[in-house]
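Visitor: Structure incoming, see below.
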Number of protein chains: 2
Amino acid sequence: MNLPRKSPCYAVIFTSTLADQNQGYDTMADRMQELAAQQPGYLGVESVRSPDGTGITISYWEDLSAIKAWKQNPEHLTAQELGKNQWYQNYSVEIARIESGYQFEQP
Amino acid sequence: MNLPRKSPCYAVIFTSTLADQNQGYDTMADRMQELAAQQPGYLGVESVRSPDGTGITISYWEDLSAIKAWKQNPEHLTAQELGKNQWYQNYSVEIARIESGYQFEQP
């Protein structure tokens, strides 16, 4: 967690269920996080996956154009195709505008 | 996953790390999901926790007033206090406006 982020900013909420056959997924997921962090307008990522294969990844961006550029990154496009063809049983993508936020840390 | 949701709508993104001592947490978390689903303006929830204790829960709501009412629900207020005092090592809360979304399901 890395609040306060610049606010307002934008988030891509990616909710997914992995397919049973997902060889190569972890490597690609790591690479995508590395690549996203190099994109202009990138503000951070939170990613959690449970043992049953469901996961939520939220990436944060300065504006919608940064999100669009990331979606069209050539290596990311390849990953998106592999995701549809091989790795994911299902997924959803939502674009959200972060309006406010706060955090708590145990003293 | 339950798209398309009504759009635009609002989401509460709750990212957390459980403390090592978290007795009673699972029961309360289940109860909170049950209670949230009875609130006016509730649209759904996605929740994932990894074995290392990090979790993301996203609840979806028709508008900001529904979120405010849920935050002030008496039983939820008790859970929030227990969360701060006992269960969470840290957490963040972000309020987001969902602008758009799409989903993919393996044929």
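Visitor: Starting from the Cα of B:Lys84, draw a straight line to each of the aspartates and glutamates and keep only those under 16 Å, dropping any in the same chain fewer than 8 residues away.
Guide: A:Glu105, B:Asp20, B:Asp26, B:Glu75
Visitor: Treat every Asp and Glu Cβ in the stretch A:32-72 as -1 and every Lys and Arg Cβ as +1, leave all other atoms uncharged, and give the resulting dipole magnitude about the Cα centre to the nearest 20 debye.
Guide: Charge dipole of the stretch A:32-72: 120 debye, to the nearest 20.
Visitor: Let me ask something additional. Using the Karplus equation 6.51 cos²θ - 1.76 cosθ + 1.60 (θ = phi - 60°), what ³J(HN,Hα) coupling, rounded to whole Hz, does each residue of the stretch B:8-16 give in order, writing x for Gly and Pro?
Guide: Calculated HN-Hα couplings, in order: x, 9, 10, 10, 10, 9, 10, 10, 8 Hz.
Visitor: Still on this structure: For chain A, what is the relative contact order in percent, using Cα pairs closer than 8 Å and at least 6 residues apart in sequence?
Guide: It rounds to 48 percent for chain A.
Visitor: Placing +1 at every Lys and Arg Cβ and -1 at every Asp and Glu Cβ, with all other atoms neutral, what dipole size does the protein assembly as shown have around its Cα centre, in debye to the nearest 20?
Guide: With only Lys, Arg, Asp and Glu charged at Cβ, the dipole is about 500 debye.
Visitor: Separate question: Give, rounded to the nearest 20 debye, the magnitude of the charge dipole that the stretch A:19-107 has about its Cα centre when Lys and Arg contribute +1 at Cβ and Asp and Glu contribute -1 at Cβ.
Guide: 240 debye
Visitor: Would you grab the residues whose amide H sits under 5 Å from the one on B:Asp63? Only those 5+ places off in sequence or on another chain, please, with H modelled 1.01 Å from N.
Guide: Those qualifying (amide H under 5 Å, at least 5 residues apart or on another chain) are B:Tyr10.
Visitor: Label-to-label distances across copies for B:Lys68, with labels 7 Å out along Cα→Cβ, in nm, shortest first?
Guide: Nearest first, the other copies' label points are 3.4 nm away.
Visitor: Using the Karplus curve 6.51 cos²θ - 1.76 cosθ + 1.60 with θ = phi - 60°, what ³J(HN,Hα) values do you get for each residue of the stretch A:43-56, in whole Hz, with x for Gly and Pro?
Guide: The phi angles translate into 10, x, 8, 10, 9, 9, 10, 8, x, 7, x, 7, x, 10 Hz.
Visitor: Which residue, chosen from B:Val48, B:Pro8, B:Pro74, occupies the Cα position most advanced towards the positive end of the dipole of chain B, where the dipole is computed from +1 (Lys, Arg) and -1 (Asp, Glu) charges on Cβ about the Cα centre?
Guide: Value computed over the given set: B:Pro8.
Visitor: Taking 7 Å along the Cα-to-C-beta vector as the label spot, tell me the B:Tyr102-B:Asp20 distance in nanometres, rounded to one decimal.
Guide: Placing both labels 7 Å along Cα→Cβ, they lie 4.7 nm apart.
Visitor: Accessible area per residue of the protein assembly as shown at 1.4 Å probe, in Å²?
Guide: The answer is 53 Å² per residue.
The values are calculated or read from the model by the stated rules, or taken from the named source; none is laboratory data. Fair warning: this is a prediction, and the values are worked out from it, not measured in the lab. FYI the Cβ positions are ideal-geometry reconstructions off the backbone, even for glycines, and counts take in every protein chain you see. Ligands, DNA and RNA are stripped out before the accessible areas are found, and what is left, the full protein with its side chains, is counted by its heavy atoms. Shrake-Rupley method; radii C 1.70, N 1.55, O 1.52, S 1.80 Å.
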